[in-house]
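The values are calculated or read from the model by the stated rules, or taken from the named source; none is laboratory data. This is a predicted model, so every value here is computed, not measured. FYI the Cβ positions are ideal-geometry reconstructions off the backbone, even for glycines, and counts take in every protein chain you see.
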Amino acid sequence: MSGETASLLGMIEAHPERALIIHHDQPFTPGSLSRAARDIRARHPQLQGANVALQCADSGDFLLRLIALDGFAREILLLPPCLSGSALKGTLSRAGSTHLLDHTGASAVAPPSPAAAAGGETLWLFTTSGTTGEPKVFSHTLRSLTVSTRAGRGDARECRWGLAYQPHRFAGIQVVLQALASGNVLVLPPPGDINASMEAFARHRVNTLSATPSQWRNFLSHGALRGCALEQITLGGEIADQAILSALARQFPAARIVHIYASTEAGVGFSVADGRAGFPVAWLDQGPPLQLRISAGGSLLIRSPALSRSEALLPRLTADGYLDTQDQVIASGDRVYFLGRASGVINVGGNKVHPEEVESLVREVPGVRNALVSGRSSPLMGQLVLLEVQADDLSAAACAELKRRIRDHCRQHLPKYKMPALINIVQELAVSESGKVERKHCG
Amino acid sequence: MRTLILQTMAEVAESADCTLVDDLGDATVLLESGLDSLGFAILVARLEEELGRDPFTEREEVVYPRTLGEFIAIYER
């Protein structure tokens, strides 16, 4: 890549004049996006070569400013809209941001660093919410991001993308870049609830949608997706279990259903399209470009030229250049299944329980909408397995019956220590802004 | 309280795949009641959910009831 095509603006300007982004029912062509982005550059000359933090509640505002900043600013810090106060200040200072750009304009937040040299590719800094404490920051460039977004694509059909993720997130940017790089239409969600987004997606004939398994479970249970003739369904960000893959296949028999494994920090991943949970054992110990291996500790190791160059990842690299994803996996038969994060493991009297394993088993029980397993501290066993189940019928009789079915099912498939010790049936499980079920970490 | 504890014990035994001894009484030694250590941990956790308190952690001195009667007495205090 060279010249303007190496920036997001160049990528957009390379496309013919037709709707590229639809927002609030308004079409935006490459020409109109380019004019608006160049106007933002002209109004904020101080942002050239600066380290700019970008924060907008509206996804359209956010993307337009991102297009303006790539190839213009030195660094872009993609911030969640909810970050404010001391958490915002702390993140800006840790990332070394000099300016904050939002829908009202740009403000200086710190003097420019004398070491700042102009030129080179713009660095995109993402924040991960992290399970605890302050967000971690990791960096990419448009080049490193599009290496991974383009991998495995190549179908020529007309994609009409819906954006179910927030655009400041790695997963959201993946969708945005896949749509923009290929010149396909991207429909942005209007502000509001799931139903408003789904209605907009149906109205603009979205046929390609990527979301987390928890979001998909919500989409299915709210019935909001019936109006969408989906041809391509992607699941990412959480472990896709067989129950959700099968439910989507039933509702959208014509769709190609793909689940993605991606290590956000590392910027690499792969997709599985055979409709089965996990991935084939045959993919292990293969040659480049994407090399996978299981460590002695049971976690997935990845080696790829697309690995992020973040210094934070160095301690997790093996001597031969594999990254420890810290995602626990298990090979069983012809598949490798994901068990969850090593850090999310519950310890019941010295026995390890992966919440995701229990959750996925519980979701197989008819009447279970979604399941969340966490550790509940117990003075006797250290921790116990606490299960929260989302169900429609909350009457006492239905709850008792559902609990009985869950226990029967678990008893057949799990050793005793993995069985949910406590079951709470709730109407709704909290889904975080990233679209994942909110995993609590308690002692 | 006694009824609640006995009823919860029966539920825990059922869900934890344990069989309680037939002649459950105050003199029954807990370790011989049919519930294992995991079962007791679950029993205490469920009673805490039911009653909003865990008498084993809210007291200064550590108590290890030996019999079912002692166990029930701790909750009745």
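Does A:Ala296 qualify as being of a type in the set (A, V, I, L, M), over 24 Å from A:Pro189 (Cα atoms) and either assigned to a loop (DSSP other than H, G, I, E, B) or within 19 Å of the chain's Cα centre (by Cα) (or both)?
yes
Does segment A:188-227 hold any residues that are in contact with a Phe, Trp or Tyr (Cβ under 6 Å, 6 or more places away or on another chain) and among the aliphatic types (A, V, I, L, M), and which are they?
The answer is A:Leu225, and nothing else.
Kindly indicate the residue of segment B:33-47 that is of a type in the set (Gly, Ala, Ser) and more than 7 Å from chain A (Cβ to nearest Cβ) and also surrounded by the most Cβ atoms within 10 Å (Cβ to Cβ) among those meeting that condition.
The extreme case among them is B:Gly39.
Does segment A:219-229 contain at least one residue that is of a type in the set (Gly, Ala, Ser), modelled with pLDDT of 85 or more and assigned to a strand (DSSP E or B)?
Checking segment A:219-229: not a single residue is of a type in the set (Gly, Ala, Ser), modelled with pLDDT of 85 or more and assigned to a strand (DSSP E or B).
Where residues in segment A:1-54 are of a type in the set (A, V, I, L, M) and farther than 29 Å from A:Cys159 by Cβ, which of them is farthest from the chain's Cα centre (by Cα)?
Looking at the filtered set, the residue picked out is A:Ala42.
Take the residues in segment B:1-24 that are exposed (fewer than 12 other Cβ atoms within 10 Å of the Cβ) and charged (D, E, K, R); name whichever of them is nearest to the other protein chains (Cβ to nearest Cβ).
B:Asp22
Every residue in segment A:276-306 that is of a type in the set (Gly, Ala, Ser) and more than 14 Å from A:Val336 (Cα to Cα), please.
Once the filter is applied, which keeps residues that are of a type in the set (Gly, Ala, Ser) and more than 14 Å from A:Val336 (Cα to Cα), segment A:276-306 yields A:Gly287, A:Ala296, A:Gly297, A:Ser304, A:Ala306.
Conditions: (1) at pLDDT 85 or above; (2) closer than 22 Å to A:Glu75 by Cβ. A:Ser144 meets all but one. Number of the miss?
All conditions pass for A:Ser144, except number (1).
Name the one entry in A:Leu301, A:Leu290 that is over 30 Å from A:Pro366 (Cβ atoms), touching a residue at least 12 places away in the same chain (Cβ under 8 Å) and touching an Asp or Glu at 6+ places or on another chain (Cβ under 7 Å).
Checking each option against the conditions leaves just A:Leu301.
Report yes if some residue within segment B:49-63 is in a loop (DSSP other than H, G, I, E, B), under 26 Å from A:Cys410 (Cβ atoms), of a type in the set (Gly, Ala, Ser) and more than 12 Å from the chain's Cα centre (by Cα); otherwise report no.
no
Condition (residue is in a loop (DSSP other than H, G, I, E, B), closer than 19 Å to A:Leu384 by Cβ and within 14 Å of chain A (Cβ to nearest Cβ)) applied to segment B:25-32: is it met by at least one residue?
No: segment B:25-32 contains no residue that is in a loop (DSSP other than H, G, I, E, B), closer than 19 Å to A:Leu384 by Cβ and within 14 Å of chain A (Cβ to nearest Cβ).
Applying the selection to segment B:53-70, what residues are away from every other protein chain (no Cβ under 11 Å), surrounded by fewer than 17 Cβ atoms within 10 Å (Cβ to Cβ) and either modelled with pLDDT of 85 or more or under 15 Å from A:Gly382 (Cα atoms) (or both)?
Answer for segment B:53-70, where residues must be away from every other protein chain (no Cβ under 11 Å), surrounded by fewer than 17 Cβ atoms within 10 Å (Cβ to Cβ) and either modelled with pLDDT of 85 or more or under 15 Å from A:Gly382 (Cα atoms) (or both): B:Gly69, B:Glu70.
Among the residues in segment A:74-82, are any in a helix (DSSP H, G or I), farther than 20 Å from A:Glu121 by Cβ and either at pLDDT below 95 or among the hydroxyl-bearing types (Ser, Thr, Tyr) (or both)?
no
So which of A:Phe279, A:Phe270 is of a type in the set (Phe, Trp, Tyr) and in contact with a Lys or Arg (Cβ under 8 Å, 6 or more places away or on another chain)?
The match here is A:Phe279.
Just to be sure I understand, how many residues within segment A:230-263 are among the hydrophobic types (A, V, I, L, M, F, W, C), within 28 Å of A:Arg303 (Cβ to Cβ) and either modelled with pLDDT of 85 or more or outside any strand (DSSP E or B) (or both)?
So the count comes out to 7.
Checking A:Ala331 against (1) under 24 Å from A:Thr234 (Cα atoms); (2) surrounded by fewer than 17 Cβ atoms within 10 Å (Cβ to Cβ); (3) within 14 Å of chain B (Cβ to nearest Cβ), which single condition isn't satisfied?
Only one criterion in (1) under 24 Å from A:Thr234 (Cα atoms); (2) surrounded by fewer than 17 Cβ atoms within 10 Å (Cβ to Cβ); (3) within 14 Å of chain B (Cβ to nearest Cβ) is unmet by A:Ala331, namely (3).
Among strands (runs of 3 or more DSSP E) lying entirely in segment A:343-432, which contain 1 or more residues that are exposed (fewer than 15 other Cβ atoms within 10 Å of the Cβ) and within 14 Å of another protein chain (Cβ to nearest Cβ)?
So the answer is A:346-348, A:370-378, A:422-426.
Does segment A:29-55 hold any residues that are in contact with a strand residue (DSSP E or B) (Cβ under 9 Å, 6 or more places away or on another chain) and crowded, with 21+ Cβ neighbours inside 10 Å, and which are they?
A:Leu33, A:Leu47, A:Ala50, A:Asn51, A:Val52, A:Ala53, A:Leu54, A:Gln55
Being in contact with a Lys or Arg (Cβ under 7 Å, 6 or more places away or on another chain), closer than 30 Å to A:Leu284 by Cβ and among the hydrophobic types (A, V, I, L, M, F, W, C) narrows it down to one residue among A:Val353, A:Val373; which is it?
Only one candidate qualifies: A:Val353.
Just need a number here: residues in segment B:1-19 that are in a loop (DSSP other than H, G, I, E, B) and either farther than 22 Å from A:Val348 by Cα or in contact with a His (Cβ under 7 Å, 6 or more places away or on another chain) (or both).
Looking only at that region, the number is 1.
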